[in-house]
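Everything below concerns the one structure shown next.
The values are calculated or read from the model by the stated rules, or taken from the named source; none is laboratory data. These numbers were taken from a predicted model, which means no experiment stands behind them. Cβ sites come from the backbone with ideal geometry, for glycine too, and all protein chains shown count toward neighbours.
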């Protein structure tokens, strides 16, 4: 009975991943070094957004209670958010109107933080998972905001933009928090430290958690002080892609069925979205040395 809840989100994610890779083929071919992974940030983000958009269409009744009581017409907003996620995914996959779409995605995510996640933290301020969810969606919004700010000629000329600055701070602080939590709670699966435990088949899980936490701390510090921020974000984004493939995809593939499969889909694309927005931040950061190659052309 769960088949369509699994198939359509995966189908949407893979289709948008394929579209994005096709769209980015020339940028990827022209990129050098870490820029090879940076140019794929919008592709990974588009794939994850499309997956979550499909989930909204399939789970209107299930998601409706999550809308605050003071907002009327709950099912309408679930469908509306699904459409917004698909629109953002299309924009990023085809690299069109990305400044507009990234700004709106950031605003939507900030609304989620204020209306959905912060009330849960206020109700239970000692719950670290609630804090992790708040900072996760804040980092998502920050990545889109920084990318939107980078899509201007003024940024290209001087690497200055308030949206990039706000986005940078909205990502650096979560990285520092996640790094500390990863080291203090190494039993949780690496990436965004939520409830999921690292699978028993994963070798040296505590070492993996410590490495991930250290990388997040280093990246957070570099982005916070804006020194080697592009390189730090690129390496962290690449590591999140590897975690998606090496941990979360096998978790999905080895799930016994039912709700475990649905959870597996969410963890795969949640971590892929995290990787995508980190790489969008990297794309928005100034180059670390004057001799680096020029940035790709601006989106339409």
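Within 19 Å of residue 145 (Cα to Cα), surrounded by 15 or more Cβ atoms within 10 Å (Cβ to Cβ) and touching a helix residue (DSSP H, G or I) at 6+ places or on another chain (Cβ under 6 Å): does that describe residue 23?
No, not satisfied.
Checking the structure you have, find out if any residue of the range 67-75 is over 15 Å from residue 280 (Cβ atoms) and surrounded by 15 or more Cβ atoms within 10 Å (Cβ to Cβ).
yes
Please state which one of 16, 63 is under 30 Å from residue 256 (Cβ atoms), at pLDDT below 95 and part of a helix (DSSP H, G or I).
Matching residue, one of 16, 63: 63.
Select from the range 119-142 the residues that are more than 19 Å from the chain's Cα centre (by Cα) and in a helix (DSSP H, G or I) and list them in ascending order.
Residues satisfying the conditions are 119, 120, 121, 122, 123, 128.
Among 85, 116, which is the only one that is within 23 Å of residue 148 (Cβ to Cβ), modelled with pLDDT under 95 and either out of contact with any helix residue (DSSP H, G or I) (no Cβ under 6 Å at 6 or more places or on another chain) or assigned to a helix (DSSP H, G or I) (or both)?
Step by step, each of 85, 116 is checked, and only 116 is within 23 Å of residue 148 (Cβ to Cβ), modelled with pLDDT under 95 and either out of contact with any helix residue (DSSP H, G or I) (no Cβ under 6 Å at 6 or more places or on another chain) or assigned to a helix (DSSP H, G or I) (or both).
For the subset of the range 26-56 comprising residues that are outside any helix (DSSP H, G or I) and touching a helix residue (DSSP H, G or I) at 6+ places or on another chain (Cβ under 8 Å), which member is nearest to residue 284 (Cα to Cα)?
39
Please go through the range 24-39 and give me each residue that is under 10 Å from residue 279 (Cα atoms) and free of Cβ contacts under 8 Å to residues at least 12 places away in the same chain, ordered by number.
Correct list: empty.
Output the residues belonging to the range 143-169 that are modelled with pLDDT of 85 or more and not in a helix (DSSP H, G or I).
The one that is modelled with pLDDT of 85 or more and not in a helix (DSSP H, G or I): 151.
Quick one: in the range 245-261, which of the residues that are touching a helix residue (DSSP H, G or I) at 6+ places or on another chain (Cβ under 6 Å) and in contact (Cβ under 8 Å) with a residue 40 or more places away in the chain is surrounded by the most Cβ atoms within 10 Å (Cβ to Cβ)?
248
Condition test on residue 54, is it within 19 Å of the chain's Cα centre (by Cα) and at pLDDT 95 or above?
yes
Let me confirm something: among 221, 209, 233, 172, which residue is more than 17 Å from the chain's Cα centre (by Cα), touching a residue at least 12 places away in the same chain (Cβ under 8 Å), assigned to a helix (DSSP H, G or I) and under 22 Å from residue 37 (Cα atoms)?
After applying the criteria, what remains is 221.
Out of all the residues in the range 95-148, which are surrounded by fewer than 20 Cβ atoms within 10 Å (Cβ to Cβ), touching a residue at least 60 places away in the same chain (Cβ under 8 Å) and more than 22 Å from residue 178 (Cβ to Cβ)?
Matches in the range 95-148: 96, 97, 99, 103.
Restricting to the range 184-197, name every residue that is crowded, with 18+ Cβ neighbours inside 10 Å, without any contact (Cβ under 8 Å) to a residue 60 or more places away in the chain and farther than 16 Å from residue 275 by Cβ.
Passing the criteria: 186, 188.
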